[in-house]
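The values are calculated or read from the model by the stated rules, or taken from the named source; none is laboratory data. Predicted model only: the values in this text are computed from it and were never measured. Note that we place each Cβ from the backbone using ideal geometry, even for glycine, and neighbour counts take in every protein chain shown.
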C-alpha cells in the first residue's frame, strides 16, 4: 500500500517505502509470534513498557533514521513528523475510549482483547494506506480540497466539543454495521475461545468476537475521517503522513491497555482534541496568509500548539479528578 502512496507527489524513492513496509511487517510478526503467541491479559505495567517502546521508536525514526537515511529529509520534516504523530496519537486516545466501550458492551474477556486489536490494526493499516493515497492524489490534482478539509475539521471539532456522547449500549446495538452484520452473516450466540470462526453442526459460523472486530474496524474508519484530513493540515508529503500514521497505529494496542482503565481521569481530553481539530482546520483555511506572516516558524508553532493543548486538557482532567476523589477516613 505505501508503494502506491509513493506515486502521490512524493519525492521518496520506492525503495524507502519498501524498507519501511518491511519494518512494519517484521514488527507485527515479532509482536504476534514472539511476545503474544498465547492469549493473555496485558497488564498495565507491560502496556506502559510497550507504549514507551513505540514512542521511542517513533522518535528514533524522526530524529535519527529519517535525517540519516532519507535523502530529502530536512529539520522541517522532523517537526512535521512529530506534529503529525502527536496529532494521530492524541486522536487515537479518543478511539481508545470507544474501543473500551465496544469491548465492555460485547463482554470481551481481557485475555482476548489483544487479539482483536492486533487484527484490527492490520486492517487499519490497509485502510489508512488507501485513504492517504486517495487523499494525496486528490490534493495534488485539486488543491482547493484542502480548504474543504479545513472547514470539515472546524465543523468536526465544534461538533466534538458540544455534542453529547452517543456511544452507549443502545447506540452500539443500533449501529448500521451491527444490524447489517447480524442480518447478513451467520453468528453464534456465544464465544468459542479466541476464534473468529467456529463450526456448529458441521457448518461454519462466525463468533461474536468477529462482530467485535468488524465494529472496531469501522470505528477506525470513522476516526480516520478526522485524523487523515488533520494531518494534511500539517504536511502534504505522503511519506510523512503514512509513517506518522503507522507509528501511531502500532502504538494503539499498548495505549489501549494503559488508558482503558483510566478513562475517568481524562474527562477534558475530548475538548482538547476538539480544539486541536479546530486549530488545524483554521490553519488549513488560512495557511496562505499564515505562511506569509510566520514563514518557517509556522511548523514549530503548530507543534507547540498541539503539545500545549493536549497537555493542558490532560492536566486539567487529572487535577479535577484528584480534587473529586473521596476523602480518606481520618483526613
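Can you tell me which residues in the range 176-192 are surrounded by 10 or more Cβ atoms within 10 Å (Cβ to Cβ) and either in contact (Cβ under 8 Å) with a residue 12 or more places away in the chain or in contact with a strand residue (DSSP E or B) (Cβ under 7 Å, 6 or more places away or on another chain) (or both)? Passing the criteria: 177, 178, 181, 182, 185, 186, 187, 188, 191, 192. Looking only at residues of the range 268-297 that are free of Cβ contacts under 8 Å to residues at least 12 places away in the same chain and in contact with a helix residue (DSSP H, G or I) (Cβ under 8 Å, 6 or more places away or on another chain), we find that the one that is farthest from residue 227 (Cα to Cα) is 294.
Scanning the range 217-235 for residues that are surrounded by fewer than 22 Cβ atoms within 10 Å (Cβ to Cβ) and either out of contact with any helix residue (DSSP H, G or I) (no Cβ under 7 Å at 6 or more places or on another chain) or more than 15 Å from residue 131 (Cβ to Cβ) (or both) turns up 222, 225, 235. When you scan the range 42-53, do you find a residue that is at pLDDT below 90, part of a loop (DSSP other than H, G, I, E, B) and closer than 25 Å to residue 220 by Cα, even just one? Yes, there is a match, as at least one residue in the range 42-53 is at pLDDT below 90, part of a loop (DSSP other than H, G, I, E, B) and closer than 25 Å to residue 220 by Cα. Listed by position, the helices (runs of 4 or more DSSP H) contained in the range 55-164 that have at least 2 residues being buried (at least 22 other Cβ atoms within 10 Å of the Cβ) are 75-105, 110-141, 145-162. Could you tell me whether any residue of the range 291-300 is surrounded by 17 or more Cβ atoms within 10 Å (Cβ to Cβ) and farther than 20 Å from residue 154 by Cβ? Scanning the range 291-300 turns up at least one residue that is surrounded by 17 or more Cβ atoms within 10 Å (Cβ to Cβ) and farther than 20 Å from residue 154 by Cβ.
Can you find even one residue in the range 41-61 that is within 23 Å of residue 245 (Cβ to Cβ) and more than 21 Å from the chain's Cα centre (by Cα)? No, there is no match, as no residue in the range 41-61 is within 23 Å of residue 245 (Cβ to Cβ) and more than 21 Å from the chain's Cα centre (by Cα).
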